[in-house]
Amino acid sequence: MLERINKIKKLKRWLKDKKAIEIEMLGWWLIGLGVLVVLMIGIFVLKGKGEGAIEFIKNIFRFKG
């Protein structure tokens, strides 16, 4: 009977530790997801402007003679 109680206590402790790890990792996952969203929005916004920037740079280095 005492062994079974000890096993249950160990199981509860293990589950408690497991939840703490998952909650801690959840914060990092949310931060990573937020960074990914910001980067994707930046790429979509700048995608059209990138072509204009390349043309501008070409025009700067074009020699008219």
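Every number in this text was worked out from the coordinates using simple rules, so none of it is lab data. Note that the structure is a prediction, hence the values are computed from the model and not measured. Positions of Cβ are generated from backbone atoms using ideal geometry, with glycine treated the same way; all protein chains shown enter the neighbour counts.
At a glance:
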| item | result |
| --- | --- |
| From the coordinates shown, P(r) over Cα pairs in 5 Å bins from 0, in percent corresponds to which of (i) 3, 17, 31, 26, 13, 7, 3, 0; (ii) 3, 13, 9, 9, 9, 8, 8, 7, 6, 5, 5, 4, 4, 3, 3, 2, 1, 1, 0, 0; (iii) 3, 12, 17, 19, 18, 15, 12, 4, 0 | (ii) |
| In degrees, nearest ten, helix 2-61 long axis to first principal axis of the chain (Cα) | 0 degrees |
| Positive-pole candidate from ILE8, ILE23, PHE61, dipole of the chain, charges at beta carbon | ILE8 |
| Cα-centre dipole for the chain with unit charges at Cβ (Lys and Arg positive, Asp and Glu negative), debye to 20 | 400 debye |
| Per-residue [θ]222 nm for the chain (sum of -39500 (n - 2.57) over DSSP H runs n ≥ 4, rounded to 500) | -35000 deg cm²/dmol |
